[in-house]
Each structure stands twice: as structure tokens, then as C-alpha cells.
Amino acid sequence: MKVKEMMSSPVIHTGPDTSGAGVAQLLVKNHISAVLIVDEDGAVVGIVSEYDLLARSGQTARDVMSTSVISVSEDTDVDDVRALLLDRRISRVPVLAGQQLVGIISRGDVVRLLAMEWACQVCGEPYRGETAPAKCPRCAAPQDQFAQQPQVPGD
């Protein structure tokens, strides 16, 4: 499955001159734990997490943001994002089309996949999605031949 199939969009974001209080309000209002910081052209220049607000001092997002932001493209495989989140010990990554922010994918999004895998009962072909496909891409078995496949975290 590709990132574009499950990323959240539009993304809550703000500019680098937003006050620390303004960033905090965005986090609280939108029930999120970090906000992306974009420049006037829409390019991601940083991220401010709850941790950043608590651990760093400064008046604006520019003062407290982390500037080394790891991102992925819309066509990145979700399994690659899973590895990236684990290896880098991060909670989310912005999704870019060129330099433009088009979405975000988080650990929670990837965890939701654990509940969304199906298996064809005829040939065993796995399929990820909220519902089973109309027919199996391998053997063309109908949708009623798919069963939700239990996932073990970490596999």
C-alpha cells in the first residue's frame, strides 16, 4: 500500500512567525501532538511538537521548531514508512509532492493497517484496505472469499 492511500490531508500547519502560544492553541484545538511549519511557498521548514514547546524557549515557532524534518513522497510504500518511524524513533512524517506539503502519515495511521488486512481464502493473496477488494487481484475470486487476516504487531 502506498502512502497516498492512507495519509491524512489536509495537514494542520502554520508559519514560522506564529507565536508559541499560537502553536500550542493549534495543537490543543486540533487534538494533535505536532504541527508542521511551512514557509510562504508552502515548503516544510520545520516541525513543532509538544516536546519542543516544553523543552525549548523562544517566542515563535521559528525559535523552537526542529528543522531536520524527515519526509516521504506520496508513492512511498507504507512498509518503508513503518521502518522509518521505528528506525528514527519519530511519530510522524510529512508527505510531499515535490516541495509541496500534501499530507502526513503517523504511527497511528500505520497501526490502523493492522486491522485492515484481508486474505483471499482461495489463493492466500493479502490485500490491505478498509474493505476487501471486489475481486482478488491474483485469482479473481469474489469479495466474499476474503477474510480479515489477524495481524501480529511487529511482523
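The values are calculated or read from the model by the stated rules, or taken from the named source; none is laboratory data. Since this is a predicted model, take the numbers as computed values, not measurements. No Cβ is skipped: glycine too gets one built from the backbone with ideal geometry, and neighbour counts run over all protein chains shown.
From the list VAL81, VAL69, pick out the single residue that is in the same structural domain as GLY20 (by TED's automatic domain parsing) and not in a helix (DSSP H, G or I). Every option except VAL69 fails the conditions. Contact annotation: residue pairs with Cβ atoms under 9 Å, 6 or more positions apart or on different chains, pairing a residue in region 134-148 that is without any contact (Cβ under 8 Å) to a residue 60 or more places away in the chain with a partner that is assigned to a helix (DSSP H, G or I) and surrounded by 13 or more Cβ atoms within 10 Å (Cβ to Cβ), are ALA134/GLN143; LYS135/GLN143; LYS135/GLN145; CYS136/GLN143; CYS136/GLN145; CYS139/GLN145. The residues of region 15-30 that are surrounded by fewer than 17 Cβ atoms within 10 Å (Cβ to Cβ) and either at pLDDT below 95 or among the hydroxyl-bearing types (Ser, Thr, Tyr) (or both) amount to a single one, SER19.
Please work out if ALA55 is surrounded by fewer than 12 Cβ atoms within 10 Å (Cβ to Cβ), out of contact with any Cys (no Cβ under 6 Å at 6 or more places or on another chain) and not assigned by TED's automatic domain parsing to the domain that holds SER33. Spelling it out, it is not the case that ALA55 is surrounded by fewer than 12 Cβ atoms within 10 Å (Cβ to Cβ), out of contact with any Cys (no Cβ under 6 Å at 6 or more places or on another chain) and not assigned by TED's automatic domain parsing to the domain that holds SER33.
Selection over region 5-27 of residues that are over 26 Å from SER73 (Cβ atoms) and part of a loop (DSSP other than H, G, I, E, B) gives a count of 2.
The set of residues from region 64-92 being surrounded by fewer than 16 Cβ atoms within 10 Å (Cβ to Cβ), in contact with a Lys or Arg (Cβ under 7 Å, 6 or more places away or on another chain) and within 18 Å of SER33 (Cα to Cα) comprises ILE70, SER91.
This table checks each residue for (1) under 17 Å from GLU5 (Cβ atoms); (2) among the aliphatic types (A, V, I, L, M); (3) without any contact (Cβ under 8 Å) to a residue 24 or more places away in the chain.
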| residue | (1), (2), (3) |
| --- | --- |
| ASP41 | no, no, no |
| SER57 | no, no, yes |
| ASP77 | yes, no, no |
| ARG82 | yes, no, no |
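One line per residue, one yes/no per condition, for (1) assigned by TED's automatic domain parsing to the domain that holds VAL38; (2) surrounded by fewer than 17 Cβ atoms within 10 Å (Cβ to Cβ):
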{"site": "PRO94", "(1), (2)": "yes, no"}
{"site": "ALA97", "(1), (2)": "yes, yes"}
{"site": "VAL102", "(1), (2)": "yes, no"}
{"site": "ILE105", "(1), (2)": "yes, no"}
{"site": "GLN121", "(1), (2)": "no, yes"}
{"site": "THR131", "(1), (2)": "no, yes"}
{"site": "LYS135", "(1), (2)": "no, yes"}
{"site": "CYS139", "(1), (2)": "no, yes"}
{"site": "PRO142", "(1), (2)": "no, yes"}
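If the condition is being of a type in the set (S, T, N, Q) and under 20 Å from PRO94 (Cβ atoms), then region 10-59 contributes THR14, THR18, ASN30, SER33, SER49.
Filtering region 84-106 to residues that are closer than 16 Å to ILE47 by Cβ, free of Cβ contacts under 8 Å to residues at least 40 places away in the same chain and not in a strand (DSSP E or B) leaves LEU84, LEU85, ARG88, ARG89, ILE90.
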